[in-house]
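Just below is one structure, and these are the notes that go with it.
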Amino acid sequence: MKKSKNEKTEVQILEAAKKVFQSKGMDGARMQEIADKAGINKAMLHYYYRSKQLLFEAVFNQAFSLLAPQLNVVLNDDSSIEEKVKNFTSNYITFMIKHPYLPNFIIQELNRNQDFIKKLKENTGFPNLEKFKIKVDEEVNKGLLKPIEADQLFVNIIALNIFPFLGKPLIKAFTDKDEKAYLKFVEDRKTEVANFIINAIKNT
């Protein structure tokens, strides 16, 4: 009973923390608010997670463990590069709409803690690009794609997908969009980004 209760409490904490981090961000989140939302006292929250940073990392790791397998499937299946671009973009944007705090957290941690990426890569589900690279080279050699390095293509895909989340306030200001319009804009990018990349790399 004790083990079951502890596991349930931890799930409650992580779900509460995810909601608070999503609405307040890392800096704006408060441990007391997370404890209140989880239905526990602050002392119990600190028993599970000694600091807000450790709790944030736990929320991130939980989310990343859900995203990484999706990306790995797309990168390593036998589909064409065109299909990979479409599926990767759709999966990534869908996931980030649900977990918008993740991109800023990653950048923050990379700048603050150089060991962060090492710890992240130790996760067995960390995306592997080897089959993606082979597929790109294969389609370039067949003349299906314009000459492009797979690493460059992958970074282009990541950059076009991640920036609307990293630069949300800037994009909303430039485009004069409220929250509802911004979310529609991001949703539309599933098609816009995929088409832009595909049109740029395909031989016609």
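Residue 144: within 11 Å of the chain's Cα centre (by Cα), surrounded by 13 or more Cβ atoms within 10 Å (Cβ to Cβ) and in the same structural domain as residue 187 (by TED's automatic domain parsing), yes or no?
Here the answer is no, as residue 144 does not meet what is asked.
Determine whether residue 157 is in contact (Cβ under 8 Å) with a residue 40 or more places away in the chain and farther than 29 Å from residue 29 by Cα.
Considered against the rule, which asks whether it is in contact (Cβ under 8 Å) with a residue 40 or more places away in the chain and farther than 29 Å from residue 29 by Cα, residue 157 comes out as yes.
How many residues does the range 104-152 hold that are in contact (Cβ under 8 Å) with a residue 60 or more places away in the chain and part of a helix (DSSP H, G or I)?
3
For residues that are surrounded by 15 or more Cβ atoms within 10 Å (Cβ to Cβ) and not acidic (Asp, Glu), scanning just the range 105-123, find the one that is nearest to residue 69 (Cα to Cα).
120
Report, by residue number, each residue of the range 126-158 that is touching a helix residue (DSSP H, G or I) at 6+ places or on another chain (Cβ under 6 Å) and of a type in the set (Gly, Ala, Ser).
Matches in the range 126-158: 150 only.
Quick check on this structure: which one of 28, 125 is out of contact with any Asp or Glu (no Cβ under 9 Å at 6 or more places or on another chain) and outside the structural domain of residue 195 (by TED's automatic domain parsing)? Before the answer, list the steps.
Values: 125 fails: outside the structural domain of residue 195 (by TED's automatic domain parsing).
Testing whether each residue is out of contact with any Asp or Glu (no Cβ under 9 Å at 6 or more places or on another chain) and outside the structural domain of residue 195 (by TED's automatic domain parsing) leaves just 28.
Being at pLDDT 85 or above and within 13 Å of the chain's Cα centre (by Cα) narrows it down to one residue among 90, 65; which is it?
Result: 90 is the single residue among 90, 65 that is at pLDDT 85 or above and within 13 Å of the chain's Cα centre (by Cα).
Within the range 7-103, which helices (runs of 4 or more DSSP H) (wholly inside it) include 2 or more residues that are closer than 30 Å to residue 188 by Cα and touching a residue at least 60 places away in the same chain (Cβ under 8 Å)?
Answer list for the range 7-103: 52-76, 81-98.
Considering each residue of the range 172-204, count those that are surrounded by 13 or more Cβ atoms within 10 Å (Cβ to Cβ) and touching a strand residue (DSSP E or B) at 6+ places or on another chain (Cβ under 9 Å), and give that number.
2
The values are calculated or read from the model by the stated rules, or taken from the named source; none is laboratory data. Keep in mind that this is a model prediction, so the values were computed, not measured. Virtual Cβ from ideal backbone geometry, glycine too; neighbours counted across all protein chains shown.
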